[in-house]
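Novice: The structure that follows is given in the form of structure tokens.
The values are calculated or read from the model by the stated rules, or taken from the named source; none is laboratory data. Note that the structure is predicted; figures quoted are calculated from it, not measured. Glycine also receives a Cβ, built like all others from the backbone with ideal geometry; neighbour counts cover every protein chain displayed. What goes into the accessible areas is simple: the full protein's heavy atoms, side chains included, and nothing from ligands, DNA or RNA. Shrake-Rupley method; radii C 1.70, N 1.55, O 1.52, S 1.80 Å.
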Amino acid sequence: MAADKHFTYRDAGVDVAAGNEAVRLLKERLKSIHHPLVLEGIGGFGGLMRVPPIKDAVLVAGTDGAGTKVMLARQMGAYGTIGIDAVAMSVNDVSACGAVPLFFLDYLVVGKVEPQRVADIVAGVDEGCLRAQCVLLGGETAEHPGHFADDDAFDLAGFAVGIASRSELWGPTRVEPGDALVGIASNGLHSNGYSLVRSLLAERHMALDDPFPTATKGAGDAGSATAAAGGAVPAGATVGDVLLTPTTIYSPVLHDLGHACPVHAAAHITGGGFPDNVGRILPDGAAAVLDLSSWRVPAVFSWLHGLGVAVDEMLSTFNCGLGMVLALPAESVPKALATIAQAGLQAGVVGEVVGVEQGARLVRYKGELAL
């Protein structure tokens, strides 16, 4: 029996024409693809890029997403910066290994393609790549009708690939007792802990357009080792404005540090906070002692603490004001701090690596967070 209706892909909820319009808009806006190593622009089946001539080269890859921070972006209708977060989470991991990010590929899945919104999101990815000094080599926008509860929902993830000479890679095998721990300031939550944050907002009946309480701020003084670079809350900012602050990208400064002094390891402080992330750069027989009073805590963390997050939970969930922690020889600290300052970021000595007996805690604390 012949069907009495001819079904189309569009009838099923997938609009190919809208997808093509989104690509057209992207081609007009993307800037990071204009790079001497890129052989072709976007639009092909794969991105093409020449590999720089590096002796005993090692490729370093990392993948991540922006997490449930995308839900806040959607609630606010603010799509321009969430792509920066997606790039940052991957390139910061790659850079923490001592590699230089070469390119990033994004994967954006939407319930329904709205060309301008897709262009805004991916333009943010491109901006992240520009900040990381790498290339948005390609990506995928997939329309999945019925995938989400609402058609205007979306998710964003991606991966970065970097390169390094094998002899220049950083990691726990280089770390030794006596190394100094240098913390580089974050500008806020970055892209971790947002499930807890959203739960708090619901529990406390707070809205994203509520004014952020500017009286809430870290109590660290001007002499603290690190200040909240970019972490100050501007007058008139809402809760949503503060929570959508895009993640700091550390790739360029880590690259500069690798040339300036002998970095032994770097910990990107993401989910799991200090115990998980600082712990993974330590060799057997070593522990990190972090002085919690040695850096200034951005206002958003004091605010979260005031809403009911205990200090132990803060330390094991959030970056608490340090986006990257480096282990390096104590005699290299002055050069490292000068290099970081030259890049426009705040940093300071926040602890040290010590020798321990087997079975001791990997990450220890002294002092108190200035919340």
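Novice: Which of the residues belonging to the stretch 334-371 are open to solvent by less than 20 Å² (accessible area, probe 1.4 Å) and over 30 Å from Thr214 (Cβ atoms)?
Specialist: Ala336, Thr339, Gly351, Val353, Val363 - these are the residues of the stretch 334-371 that are open to solvent by less than 20 Å² (accessible area, probe 1.4 Å) and over 30 Å from Thr214 (Cβ atoms).
Novice: So, in the stretch 332-364, how many residues would count as being modelled with pLDDT of 95 or more and not aliphatic (A, V, I, L, M)?
Specialist: Adding up the residues that qualify gives 10.
Novice: Looking for whichever is touching a residue at least 12 places away in the same chain (Cβ under 8 Å), aliphatic (A, V, I, L, M) and either closer than 18 Å to Thr141 by Cα or touching a strand residue (DSSP E or B) at 6+ places or on another chain (Cβ under 7 Å) (or both) here; the options are Ala78, Ala66. Which one fits?
Specialist: Ala66
Novice: Out of the residues in the stretch 111-141 that are open to solvent by less than 10 Å² (accessible area, probe 1.4 Å) and outside any helix (DSSP H, G or I), state the one that is farthest from Thr247 (Cα to Cα).
Specialist: Of everything passing the filter in the stretch 111-141, Gly111 is farthest from Thr247 (Cα to Cα).
Novice: For Val110, are the conditions met, namely being among the β-branched types (Val, Ile, Thr) and touching a Phe, Trp or Tyr at 6+ places or on another chain (Cβ under 7 Å)?
Specialist: Yes: the conditions hold for Val110.
Novice: Looking only at the stretch 255-283, count every residue that is open to solvent by less than 10 Å² (accessible area, probe 1.4 Å), among the aliphatic types (A, V, I, L, M) and in contact with a Ser or Thr (Cβ under 6 Å, 6 or more places away or on another chain) and tell me the total.
Specialist: Residues meeting the conditions: 1.
Novice: OK, next. List every residue pair whose Cβ atoms lie under 8 Å apart, where the two residues are 6 or more positions apart in sequence or sit on different chains, the first residue falls within the stretch 133-148 and is more than 17 Å from Val122 (Cα to Cα), and the second residue, located anywhere, is open to solvent by 50 Å² or more (accessible area, probe 1.4 Å).
Specialist: Pro145/Ala12; Pro145/Lys112; Pro145/Asp151
Novice: I need the full set of residues from the stretch 149-168 which are buried (at least 16 other Cβ atoms within 10 Å of the Cβ) and either among the aliphatic types (A, V, I, L, M) or under 16 Å from Leu72 (Cβ atoms) (or both), in order please.
Specialist: If the condition is that a residue be buried (at least 16 other Cβ atoms within 10 Å of the Cβ) and either among the aliphatic types (A, V, I, L, M) or under 16 Å from Leu72 (Cβ atoms) (or both), then Ala153, Phe154, Asp155, Leu156, Ala157, Ala160, Val161, Ile163, Ala164 are the ones that fit.
Novice: Do we find a residue being open to solvent by 20 Å² or more (accessible area, probe 1.4 Å), aliphatic (A, V, I, L, M), out of contact with any Cys (no Cβ under 8 Å at 6 or more places or on another chain) and modelled with pLDDT of 95 or more anywhere in the stretch 284-296?
Specialist: Checked the stretch 284-296: at least one residue is open to solvent by 20 Å² or more (accessible area, probe 1.4 Å), aliphatic (A, V, I, L, M), out of contact with any Cys (no Cβ under 8 Å at 6 or more places or on another chain) and modelled with pLDDT of 95 or more.
Novice: Then there's this: Criterion first (in a helix (DSSP H, G or I), open to solvent by 10 Å² or more (accessible area, probe 1.4 Å) and hydrophobic (A, V, I, L, M, F, W, C)) does Ala86 satisfy it?
Specialist: Considered against the rule, which asks whether it is in a helix (DSSP H, G or I), open to solvent by 10 Å² or more (accessible area, probe 1.4 Å) and hydrophobic (A, V, I, L, M, F, W, C), Ala86 comes out as no.
Novice: If we scan the stretch 95-108, do we find a residue that is part of a helix (DSSP H, G or I), of a type in the set (Val, Ile, Thr) and touching a residue at least 24 places away in the same chain (Cβ under 8 Å)?
Specialist: Within the stretch 95-108, none of the residues are part of a helix (DSSP H, G or I), of a type in the set (Val, Ile, Thr) and touching a residue at least 24 places away in the same chain (Cβ under 8 Å).
Novice: Another one. What is the one condition in (1) buried (at least 24 other Cβ atoms within 10 Å of the Cβ); (2) part of a loop (DSSP other than H, G, I, E, B) that Thr248 does not satisfy?
Specialist: (1)
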